[in-house]
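Have a look at the structure below before the remarks.
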Amino acid sequence: MAAGAAEAAAAVVEVGSAQQFEELLRLRAKSLLVVHFWAPWAPQCAQMNDVMAELAKEQPQVSFVKLEAEAVPEVSEKYEISSVPTFLFFKNSQKIDRLDGAHAPELTKKVQRHASSGSFPPSGNEHPKEDLNLRLKKLTHAAPCMLFMKGTPQEPRCGFSKQMVEILNKHNIQFSSFDIFSDEEVRQGLKTYSNWPTYPQLYVSGELIGGLDIIKELEASDELDTICPKAPKLEERLKVLTNKASVMLFMKGNKQEAKCGFSKQILEILNNTGVEYETFDILEDEEVRQGLKTYSNWPTYPQLYVKGELVGGLDIVKELRDNGELLPVLKGEN
C-alpha cells in the first residue's frame, strides 16, 4: 500500500516557479496537463490533492501538477486565479478549460472528457463550436428564468452575483442558476453567444435580459415583476413536493447518505419493503424544512408521505411495520 501511495504522489508534479511551469507546458504539450492552484492553509485543497493523486493512478497518460498559488503569483495573475482550489486544463500549451472550487466529481468528469478527446483544442474545429451553441441554447432555456453567475445562490462568489440573487429573492422571482466557474467553455462561449462580456447574466425564456445594472433599472421602474416569473407560494410548493412521487420521504440527507440516525433507520425500513420512493433533503432547503412542520403540523424529521398525505415519522413507520400494515399503506391500499 505504501509503495502505491508513493507512486501516486510521485505522479503529481509540484511546480515552484514560473520558469518551471512554462517549461512543463512545453514538455507536456502532447498530453493533457491538469494544474491545481492550491494553498496549504485551505483544507479543501488538501482534499483535492488526494483526489488528484487517485486520478493520477487511473489516468497515467495525463500529467497532473500542483502549484501553490500565492508562492508563484506571476502564474496565478496571468491565469486570473482569484480563489483556491482552481484547476486549469492545458493541451498543446494552450488553456482549454477551467474549474473553480472543490468539485471532485466535476474534476473527474473533465479529466476523463479531455483525456479521451483529440490532442487539439476545440477552437481548431468548427463542429464543437456548433455543439457549444446548441448547448448554450439549451442552458439558456433550461428554466423560464436562468441566472448565469459566479458561484451559486447559496454561495455567490462575487459581489455582483450576490446583489443579483438578493434582488431576485426580494421580488420572490423563481429562477435556476448555472455556476460559470464550473465550466470554462460555457463561461467564455456565453459572452460571444449573447454579445455580453460580463457576469452575472439573466435570461427569461432563453432571451438575455442583461446584467446587474439592467436588473437594477428594471427594479427601479417596477418592470422586473412583469418580466420574470414569480416563485409559487410556499404552501403551493410544499403541496407539489409532497406529491412529487407516490411515496415521498423528507429526511436529513438522501438515499445514498443519511445525516441522522432516525433518517438512517427509516431508509432501512423502506428499502426492505422493495417499494419505490423518492427523498428530499431538508438540510438543503431551510424554507421547506421550517414550512413543512407547519404545513403538516408535525414538528420533527423524517416525515413520510404517501400520495401527498402525511403518514408520520419513524415511530409511526416502525409501528406500521410491526403490525404488518406498512406495505398496504405504502401502496396506497390503506
Among the residues of region 145-174, write down those that are open to solvent by 10 Å² or more (accessible area, probe 1.4 Å) and either under 14 Å from the mean Cα position of the chain (by Cα) or closer than 24 Å to Phe89 by Cα (or both).
Lys150, Thr152, Pro153, Gln154, Glu155, Pro156, Arg157, Cys158
So in region 292-322, with the set limited to residues that are more than 14 Å from Ser263 (Cβ to Cβ) and among the β-branched types (Val, Ile, Thr), which one is most open to solvent (accessible area, probe 1.4 Å)?
Thr294
Of all residues making up region 173-213, the number that are among the β-branched types (Val, Ile, Thr) and touching a Leu at 6+ places or on another chain (Cβ under 8 Å):
4
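Keeping to region 175-188, report how many residues are over 11 Å from the mean Cα position of the chain (by Cα) and open to solvent by 10 Å² or more (accessible area, probe 1.4 Å). Outline the logic, then answer.
Pass one, region 175-188, residues over 11 Å from the mean Cα position of the chain (by Cα): 175-176, 184-188.
Still in the list and also open to solvent by 10 Å² or more (accessible area, probe 1.4 Å): 175-176, 184-185, 187-188.
Qualifying residue count for the region: 6.
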Test: residue in region 89-99 that is of a type in the set (A, V, I, L, M), open to solvent by 30 Å² or more (accessible area, probe 1.4 Å) and more than 17 Å from Arg28 (Cβ to Cβ)
no
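Listed residues Lys264, Lys216, Lys233, Lys293; which is under 30 Å from Pro200 (Cα atoms) and without any contact (Cβ under 8 Å) to a residue 12 or more places away in the chain? Spell out the reasoning first.
Details: Lys264 fails: under 30 Å from Pro200 (Cα atoms); Lys216 fails: without any contact (Cβ under 8 Å) to a residue 12 or more places away in the chain; Lys293 fails: under 30 Å from Pro200 (Cα atoms).
Only one candidate qualifies: Lys233.
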Please enumerate the residues belonging to region 196-249 that are among the acidic types (Asp, Glu), open to solvent by 80 Å² or more (accessible area, probe 1.4 Å) and either touching a His at 6+ places or on another chain (Cβ under 8 Å) or under 23 Å from Ile180 (Cα atoms) (or both).
Glu207, Asp213
Could you please give the count of residues in region 250-284 that are under 25 Å from the mean Cα position of the chain (by Cα), assigned to a loop (DSSP other than H, G, I, E, B) and surrounded by fewer than 16 Cβ atoms within 10 Å (Cβ to Cβ)?
5
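The values are calculated or read from the model by the stated rules, or taken from the named source; none is laboratory data. Quick caveat, the model's predicted, so the values are computed rather than measured. Positions of Cβ are backbone-derived with ideal geometry, glycine not excepted, and every protein chain shown enters the neighbour counts. Accessible surface areas use protein heavy atoms only, side chains included; no ligands, DNA or RNA. Shrake-Rupley method; radii C 1.70, N 1.55, O 1.52, S 1.80 Å.
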